[in-house]
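Everything below concerns the one structure shown next.
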Amino acid sequence: MLVRAKKLISLAVVFLVASLIAGPTPAAAGDGLKFDLRIHGGFSRLAAGDVNTGSGGLFEFYKLFSEYGDYGLEGGYEPLHGGYDFGADAVFPIGKRFGIGLGVGYLRSAGTAEMTLTPPDSEALVFDGGPVLSAFPIRLGLFYSLPLVGPLSLTANAGGAFYAGLRFEDRFHVETGSVFSTQEITGTRTSLANLGFQGGLGLEYEFSEKTGLFVEFQGRYARFKNFGSVSIHVASAEGGSDTREGKLYLRTQTLSTDPPIAFNSWNVTDTPPTSDPPDIVFREPEFDLSGFCLQVGVRIRI
């Protein structure tokens with residue numbers, strides 16, 4: 001699917017370049033170079049996929065204690081989905097209704113976990129942590145505007161995006177009294193593998209020739225493979241702290257088949273771990289930033 005996305009992005013670039021060569025622009029007419037600056041932001045939702053499977057696994061494991069034992073439970077794991085997405089695009093006209101846009105943005109989504117597990121005859125275990133996904137998408141796209149009624153126009157856009165600074169963070173912390181244990185995982189990557197594409201529809205209300213207010217629905221496809229390496233930091237009250245590098249794997253352990261009970265966790269190692277199916281299975285995770293954004297913005301003619 002990633003290869004197909006790269007081909008679509010290449011075709012879009014060829015089309016946009018051809019449009020620039022073939023079509024007259026305001027600059028060619030002697031009016032100087034003009035463009036629309038579109039500044040926007042709003043609510044974003046990511047699919048996340050394996051991120052929630054791995055990051056929520058240990059919290060779900062300890063939750064089993066309340067379901068199968070005499071343990072009190074408060075709180076839990078909130079999956080990573082919602083977040084925010086904002087940015088700006090410079091759109092250069094290549095005709096009355098079309099434009100070519102180059103933009104940059106920032107998106108971030110986080111999951112949270114706050115949980116207290118209380119055994120019947122000892123101190124409570126207090127958990128916190130959660131994952132974070134973030135990136136700086138650099139976009140190249142084709143923009144279209146169709147006048148509807150009065151100052152109202154239909155807008156559309158489509159193109160490719162390069163997700164610079166893709167970053168994954170995960171934290172798991174548990175403490176009881178003066179005893180604690182913490183695990184933090186961090187991975188970052190900026191490479192040509194971070195390619196995706198997006199498209200959107202919206203409505204714009206034009207206050208004047210130079211300004212307008214718009215609302216848009218943007219969809220995105222941005223599904224990436226595992227990091228080449230990540231950093232893991234572990235610390236505990238008894239064992240001090242340690243930081244090392246390795247590759248990230250998703251570990252699934254089957255505890256019972258009837259009823260079906262399994263839990264997931266992250267594993268960082270220098271060498272590929274060996275699965276022992278069906279009880280323990282390792283695989284490399286994917287990082288899925290696919291989803292949508294509902295945003296509002298302002299257009300300013302420069």
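See the values below:
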| quantity | calculated |
| --- | --- |
| For segment 104-213, alpha-carbon Rg relative to the globular expectation (2.2 N^0.38 Å, N residues) | 1.75 |
| Pairs of Cα atoms farther than 15 Å apart, segment 216-302, % | 74 percent |
| THR274/LEU73 FRET efficiency (R0 41 Å; Cβ-Cβ; nearest 0.05) | 0.75 |
| Quotient of C-alpha Rg and 2.2 N^0.38 Å, computed over segment 40-143 | 1.65 |
| Alpha-carbon Rg/Rh ratio, for segment 92-164, with Rh computed the Kirkwood way | 1.41 |
| Estimated dipole of segment 70-169 in Debye, rounded to 20 [Cβ of Lys and Arg +1, of Asp and Glu -1, Cα centre] | 1280 debye |
| Cα centroid separation - segment 241-275 against segment 155-218, whole Å | 27 Å |
| Lys pairs, the chain - Cα-Cα below 23 angstrom, 8 or more residues apart or on other chains | 6 |
| Given (i) 81, 39, 38; (ii) 53, 49, 39; (iii) 82, 51, 39, the label whose value is Cα extents along the principal axes in Å derived from this model | (i) |
| Residue-averaged 222 nm ellipticity for the chain, from DSSP H runs of 4+ at -39500 (n - 2.57), nearest 500 | -4000 deg cm²/dmol |
| Pair ARG283, LEU192: separation of 7 Å Cα→Cβ label points (nm) | 2.9 nm |
| Length added when fully stretched, HIS81-SER181, from 0.36 nm per residue minus Cα-Cα | 33.4 nm |
| q = 0.19, 0.22, 0.23, 0.25 Å⁻¹, segment 159-209: log10 I(q)/I(0) [Debye, one scatterer per Cα] | -0.80, -0.88, -0.91, -0.96 |
| Potential lengthening between ASP242 and GLU60 on full extension [0.36 nm per residue; Cα-Cα distance subtracted] | 63.0 nm |
| Top positive-direction residue, dipole computed over segment 145-302 with Cβ charges, set THR186, GLY200, SER256 | GLY200 |
| Computed E for ILE300/SER229 - FRET, C-beta separation, R0 41 angstrom, nearest 0.05 | 0.45 |
| Efficiency of FRET between GLU114 and ASN267 - r from beta-carbon atoms, R0 22 angstrom, step 0.05 | 0.35 |
| Dipole moment magnitude, nearest 20 debye, the chain about Cα centre, only Lys, Arg, Asp, Glu C-beta charged | 2240 debye |
| Segment LEU201-PHE98, length gained on full extension (0.36 nm per residue, minus Cα span) | 35.7 nm |
| Over the chain, relative contact order from alpha-carbon pairs under 8 Å, at least 6 apart, % | 20 percent |
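Rule-based calculations on the coordinates, nothing more; no lab input. From a predicted model like this one, the values you see are computed outputs, not experimental measurements. Please note: Cβ atoms are built from the backbone with ideal geometry, for glycine as well, and neighbour counts cover all protein chains shown.
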